[in-house]
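Note sheet for the following structure.
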Amino acid sequence: MDVTTIGFTKTSAEHFFERLRIADVRTLIDVRISNSSQLAGFAKIPDLRYFLSRISNIAYQHEPLLAPTKDMLAQYRKGAMDWGVYQGQFLKLLSERQIENRYTPSVFHGACLLCSEPEPHQCHRRLVCEYLNERWGQALKVRHL
């Protein structure tokens, strides 16, 4: 199942939506804990839902089960926890939530996971894909936009 991931910071709306269009994304799965921050610009709900529908005919889905807790994210962003600790805690959270049993690989086919980080190397959207692939026998073919 083909799945992509994308972050919305450090990019223009034009570049963001063009990457989604070129990747033939059908559903954007928002894996942010909060999708209404004023700092999100064009990625703030309901604007994002409108733009996705009008510009690219892409469906929108918010999946907070695939997001870190507010406290975990706040500690990481403040520097109170480094990436290694954050990653370990987030993977433990995914395991506790048993996300591999709540979703199927087909849910992610043609989908794109969205969060704020511009690059996937220190981002939870990458961790979600890797966690699921470990449990689903590498069922997801992941590409980071």
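The values are calculated or read from the model by the stated rules, or taken from the named source; none is laboratory data. Quick caveat, the model's predicted, so the values are computed rather than measured. Cβ atoms come from the backbone with ideal geometry, glycine included; neighbour counts cover every protein chain shown. Quick note on the areas: whole protein, heavy atoms, side chains included, nothing else; ligands and nucleic acids left out. Shrake-Rupley method; radii C 1.70, N 1.55, O 1.52, S 1.80 Å.
Some notes on this structure:
- Residues whose amide H falls under 5 Å from that of ASP2, counting only those 5 or more places apart or on a different chain, are GLY110, LYS141, with hydrogens built in the peptide plane.
- Whole-number accessible area per residue in Å² for the chain, which is evaluated in the context of all protein chains at 1.4 Å: 53
- Inter-label distance, HIS121 to SER12: 2.6 nm, where each label sits 7 Å from its Cα along the C-beta direction.
- As a length-normalised measure over Cα pairs under 8 Å and 6 or more apart, the relative contact order of the chain settles at 45 percent.
- Answer label, with Cα extents along the principal axes in Å calculated from the coordinates and candidates [x] 67, 33, 28; [y] 38, 35, 22; [z] 52, 31, 28: [y]
- The accessible surface of the range 35-100, taken with every protein chain in place and a 1.4 Å probe, is 50 percent carbon and sulfur.
- Taking every DSSP helix (H) stretch of at least 4 residues in the chain, weighting each as -39,500 (n - 2.57) and dividing the sum by the residue count yields a mean residue ellipticity at 222 nm of -11000 deg cm²/dmol.
- Applying 1/(1 + (r/R0)^6) with R0 = 22 Å to the Cβ-Cβ distance of GLN61 and TRP83 gives a FRET efficiency near 0.20.
- Nitroxide proxy distance, nm - points 7 Å out along Cα→Cβ at ARG19 and LEU91: 2.5
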